[in-house]
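Below is one structure, written out as structure tokens, with a few remarks after it.
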Amino acid sequence: MNLEETNILLIGFMGTGKTTVSKELAKKTQMPEIDMDRYIVEYENMSIADIFSQKGEPYFRNLETECLKKILKTKNQIISCGGGVAMKEENVTHMKEGGVTILLSATPETVYERVKDNSERPILNGNMNVEYISGLMNARKPKYEAAADLVIDTDGKKVSDIADEIIKKIQEFGKKVEK
Ligand code: S3P
């Protein structure tokens, strides 16, 4: 698959490593990296937490769709999507048209360890525990899987190895698509 003609979209639950892995992928592939949350913060000139508290979640979800469409107008990018992006069918349609979607997975325990000291995720505010994370992850799982072209488990793996695995799987996926 010619990476210059597509986008690589990383999807998955909060704390599955989308941002970290996309930075590593960008280094290895020399493709530019776009973090959707960061893009939205700059676009709106407000933190994610402030958008949620001052404008509400539906407003944030509309912003996500608007920004996703803008980002996907360009090809040859690594796009790290916010954890809720794959929950909306309209977004998934755009993602499928605009690139290859890679679902990163991790256990609720791993996610908890990665996100527990961060208060920048409104969805987990007041619910920062393994039980809540596990419940929400299970509820979201069917939509994540439906949106994914490829799935990569991240538990106990080095970031560099995850990036290599993604590149290899994309090449294999490309061969299947091109047949
Ligand atoms: C969200 C995930 C966050 C961010 C927002 C909502 C979600 O992104 O977009 O707080 O609904 O899962 P990360 O997955 O990058 O933390």
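For the pair Val159 and Ser119, how long in nm is the line joining their label points, each one 7 Å along Cα→Cβ?
Using points 7 Å along Cα→Cβ, the separation is 2.5 nm.
Given axes a ≥ b ≥ c from the Cα gyration tensor, I'd like to know whether the stretch 54-163 is rounded (a/c under 1.5), prolate (a/b larger than b/c) or oblate.
Oblate shape, in that a/c is at least 1.5 and b/c is the bigger or equal ratio.
Who wins for biggest fluctuation among Tyr39, Tyr59, Tyr112 in a Gaussian network model of the chain, springs between alpha carbons below 10 Å?
Most flexible of the set in this elastic network: Tyr59.
Please state the relative contact order of the stretch 31-179 as a whole percent: Cα pairs under 8 Å, 6+ residues apart?
24
Name the residue, out of Met46, Met31, Met87, whose mean-square fluctuation peaks in a Gaussian network model built on the chain with Cα pairs under 10 Å.
Met46
In what order do Phe173, Phe60 fall by count of nearby beta-carbon atoms within 10 Å, going from fewest to most?
Phe173, Phe60
With each label point set 7 Å from Cα along the Cα-Cβ vector, what nm distance links Lys168 and Tyr132?
The answer from the label model is 3.8 nm.
Quick one: if you stick a label point 7 Å off each Cα along the C-beta vector at Ala139 and Tyr43, how many nm between them?
2.5
Mind jotting down the distance between the C-alpha centroids of the stretch 94-123 and the stretch 45-77, whole Å?
16
Take the cross-link list Lys70/Lys157; Lys75/Lys157; Lys70/Lys158; Lys116/Lys157; Lys96/Lys157 and give me the ones stretching past 30 Å between alpha-carbons.
Among Lys70/Lys157; Lys75/Lys157; Lys70/Lys158; Lys116/Lys157; Lys96/Lys157, the Cα-Cα distance tops 30 Å for Lys70/Lys157; Lys70/Lys158.
Laboratory data are not the source of any read-out in this text; all were calculated from the coordinates shown. Model, not experiment: these values are computed from the prediction. A quick note on method: Cβ atoms are made from the backbone with ideal geometry, for glycine too, and the neighbour counts reach across all protein chains shown.
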